[in-house]
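The values are calculated or read from the model by the stated rules, or taken from the named source; none is laboratory data. Remember, it's a predicted structure, so these values are computed and weren't measured experimentally. Reconstructed Cβ throughout: ideal geometry from the backbone, glycine too, with neighbour counts over all protein chains shown. What goes into the accessible areas is simple: the full protein's heavy atoms, side chains included, and nothing from ligands, DNA or RNA. Shrake-Rupley method; radii C 1.70, N 1.55, O 1.52, S 1.80 Å.
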Amino acid sequence: MVNQGSILPNKRKLYIESYGCAMNFSDSEIIATIMAENGFETTNDEFQADVIFLNTCAIRENAEQKIRDRLKHLRSNKKTNKDLIIGVLGCMAERLKNKLLEEEKLVDVVAGPDSYRELPKLVAEVDDGGRAINVLLSREETYGDLNPIRLNSNGVTAFVSIMRGCDNMCSFCVVPFTRGRERSRDPESILMEVKELQSTGFKEITLLGQNVDSYLWFGGGPKKEFKSLTDDERLNSTDFAQLLEMVAIAVPNMRIRYSTSHPRDITEKVVEVMKKYDNICNYIHLPAQSGSNKILELMSRNYTREWYLEKISMIRSIIPNCGISCDIIAGFCSETHQDHLETLSLIELAQFEFSYMYKYSERPATPAAKKLKDDVEESIKGERLTEIIKLQNSISLKKNMAYIGQTVDVLIEGDSKKSKDFWMGRNDQNVVVVFPKINQQRGDIVSILVENATTTTLIGKAI
Ligand code: SAM
Ligand code: SF4
């Protein structure tokens, strides 16, 4: 969780707290932009706020519990400021809808990810004495015409949303229900946004979507309508490889990243574009979720372990030094010890730079919740997760140690968390690098000789 904003005088003040994935942080910038056009400015002091928005995540149960706990704390804010308006936005709002208003008396506004343009109207309804909700999902909304206000920005790196929603229906996942149908954003508006970021001094962008490889622009609307186009109309479409190339050419001096890739959809064409342009970083986030074919099928991931490992080989044969990271879920429905061993062996074979690792958390109304039994005991899920983390950490450490003695190019993002005397940045492969400050500035790309390494960080000095 991060609070986002800066203080300006004389307007109604909005405080936004963002939880969960990068997409939510990017959405908070859209929310701030819409509210700014309607007389609200962001503050980073919750006690100055006239309106507090929590932009929420619903991906696992504990993400929602965090919001419930936060709402308990906000009771005292409301006691000291009776007119304070509290809104719950994003995926949890979309999932729970009216139930959230019934269960959380403190909440005045509930708004789903596709109704942010309605927020000023919803706040006005509360001003008039009511409570307000809009959780309609849209087939077209991409907020593509908005130029987002950058919140809590380091002035160096920025997110650029290129699509919304997801059509994949992985059985464990709540996203298709909370973010609706997949739709892509007009490439022209994406190019305008990235050029604007370049002209205001940003040095790196991350193109965001739940499944970027599925990006397809053909004039707007849900992706599933592509099938009904004529051959000519299809010829005029733009896929992700084309978009990536257009962005690389449009902002040659910026570093470009993207996330998230889906193993079923990532293509050689995309990896070839990465290889062709030096300003596209050699890093891919490619969640596997499991190494067992039985579990992958139950998850409806639409690929096998062999397919996944072939994609890893394809990436490494085109870009041998490509950083690859992964998401893994431990203890999915009916996962046996053998299935778990297959996940460990996939991690061993793939040699990820790092992974995000989770215990399976059943989400109401998902296909898994409806059709499968969440039958792996909590303690077993915990044990398997610990083993997965231990293995991944040992691989990350080994890979990071291999950098010792090498020189890496690092884009400086800001102070290191541990000391203001050190800079923090990332190399091409997205590994965090820290080094002592000497005459450099945030936004510089510097060559760093790596002298030491931990599981998460390279430590070095500028040369
Ligand atoms: N769209 C991306 C993909 O398909 O890889 C990821 C979207 S999701 C926001 C991020 C990660 O959360 C997933 O890759 C998965 O590992 C994890 N996740 C999703 N649903 C989960 C659940 N019910 N329990 C535990 N982890 C979950
Ligand atoms: Fe969820 Fe699967 Fe879509 Fe990712 S691809 S958002 S895991 S349904």
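For the residues Ser300, Ser325, Ser334, the requirement of being assigned to a loop (DSSP other than H, G, I, E, B), among the small types (Gly, Ala, Ser) and within 16 Å of ligand 2 (Cβ to nearest atom) singles out Ser300.
Taking the condition of being on the phi < 0 side of the Ramachandran plot and among the small types (Gly, Ala, Ser), how many residues in segment 177-208 meet it? Before the answer, list the steps.
Quick first cut of segment 177-208, residues on the phi < 0 side of the Ramachandran plot only: 177-179, 181-200, 202-208.
Within this subset, residues satisfying the condition of being among the small types (Gly, Ala, Ser) are 184, 189, 199.
Total satisfying the criteria: 3.
Please enumerate the residues belonging to segment 346-382 that are away from ligand 2 (no atom under 16 Å from the Cβ), among the small types (Gly, Ala, Ser) and open to solvent by less than 40 Å² (accessible area, probe 1.4 Å).
Keep residues of segment 346-382 that are away from ligand 2 (no atom under 16 Å from the Cβ), which gives 346-354, 373-382.
Okay, now just the ones that are also among the small types (Gly, Ala, Ser), so 350, 379, 382.
Result: Ala350, Gly382.
For beta carbons closer than 6 Å, sequence separation of 6+ or different chains, a first residue in segment 326-350 that is under 24 Å from Asn211 (Cα atoms) and aromatic (Phe, Trp, Tyr) and a second that is part of a loop (DSSP other than H, G, I, E, B) and modelled with pLDDT of 95 or more, the qualifying pairs are Phe332/Tyr360. Just so you know, in segment 156-188 the residues that are farther than 21 Å from Tyr303 by Cα and surrounded by fewer than 18 Cβ atoms within 10 Å (Cβ to Cβ) include one that is farthest from ligand 2 (Cβ to nearest atom), and it is Glu188. Of the residues making up segment 65-92, those that are within 16 Å of ligand 2 (Cβ to nearest atom) and among the charged types (D, E, K, R) number 0. Which residues, taken from segment 211-248, are open to solvent by less than 60 Å² (accessible area, probe 1.4 Å) and in a loop (DSSP other than H, G, I, E, B)? Scanning segment 211-248 gives Asn211, Tyr215, Phe218, Gly219, Gly220, Gly221, Leu229, Ser237.
Restricting segment 287-297 to residues that are part of a loop (DSSP other than H, G, I, E, B) and away from ligand 1 (no atom under 12 Å from the Cβ), which is farthest from Ile162 (Cα to Cα)?
Filtering segment 287-297 down to residues part of a loop (DSSP other than H, G, I, E, B) leaves 287-288, 290-292.
This time we only want the ones that are away from ligand 1 (no atom under 12 Å from the Cβ), so: 291-292.
Values: Gly291: 29, Ser292: 31 Å.
That would be Ser292.
Only residues that are assigned to a loop (DSSP other than H, G, I, E, B), open to solvent by less than 40 Å² (accessible area, probe 1.4 Å) and either touching a Gly at 6+ places or on another chain (Cβ under 8 Å) or more than 16 Å from ligand 2 (Cβ to nearest atom) (or both) were counted in segment 249-276, giving 3. Within segment 431-451, the residues that satisfy the criterion of being open to solvent by less than 90 Å² (accessible area, probe 1.4 Å) and either assigned to a strand (DSSP E or B) or touching a residue at least 40 places away in the same chain (Cβ under 8 Å) (or both) are Val431, Val432, Val433, Val434, Phe435, Pro436, Gly443, Val446, Ser447, Ile448, Leu449, Val450. Each residue in segment 226-244 was checked for being among the acidic types (Asp, Glu) and in contact with a strand residue (DSSP E or B) (Cβ under 9 Å, 6 or more places away or on another chain), and 1 of them qualify.
Would segment 79-90 turn up any residue that is among the acidic types (Asp, Glu) and in contact with a helix residue (DSSP H, G or I) (Cβ under 7 Å, 6 or more places away or on another chain)? No, the conditions are met nowhere in segment 79-90.
Is it the case that segment 113-129 has a residue that's crowded, with 22+ Cβ neighbours inside 10 Å, within 16 Å of ligand 1 (Cβ to nearest atom) and under 23 Å from the mean Cα position of the chain (by Cα)? Scanning segment 113-129, I find at least one residue that is crowded, with 22+ Cβ neighbours inside 10 Å, within 16 Å of ligand 1 (Cβ to nearest atom) and under 23 Å from the mean Cα position of the chain (by Cα), so the answer is yes.
Scanning segment 189-216 for residues that are of a type in the set (Val, Ile, Thr) and under 16 Å from the mean Cα position of the chain (by Cα) gives Ile205, Thr206, Val212. I'd like to know if segment 357-365 contains one or more residues that are without any contact (Cβ under 8 Å) to a residue 40 or more places away in the chain and within 21 Å of Lys311 (Cα to Cα). Yes, because at least one residue in segment 357-365 is without any contact (Cβ under 8 Å) to a residue 40 or more places away in the chain and within 21 Å of Lys311 (Cα to Cα). Quick one: is Ser171 out of contact with any Pro (no Cβ under 9 Å at 6 or more places or on another chain), of a type outside the set (Asp, Glu) and over 29 Å from Ile445 (Cα atoms)? So Ser171 fails the test. Against the definition (touching a helix residue (DSSP H, G or I) at 6+ places or on another chain (Cβ under 8 Å), within 16 Å of ligand 2 (Cβ to nearest atom) and outside any loop (DSSP other than H, G, I, E, B)), how does Ile284 come out, yes or no? Taking the combined requirement at face value, the residue satisfies it. Of the candidates Thr304, Thr343, the single residue that is under 17 Å from Glu383 (Cβ atoms), more than 9 Å from ligand 1 (Cβ to nearest atom) and of a type in the set (Val, Ile, Thr) is Thr343.
Once segment 318-338 is narrowed to residues that are of a type in the set (Ser, Thr, Tyr) and over 18 Å from Tyr283 (Cβ atoms), the residue that is surrounded by the fewest Cβ atoms within 10 Å (Cβ to Cβ) is Thr336. Selection of segment 303-322 for residues being in a loop (DSSP other than H, G, I, E, B) and either of a type in the set (A, V, I, L, M, F, W, C) or touching a strand residue (DSSP E or B) at 6+ places or on another chain (Cβ under 8 Å) (or both) yields Ile319, Cys322.
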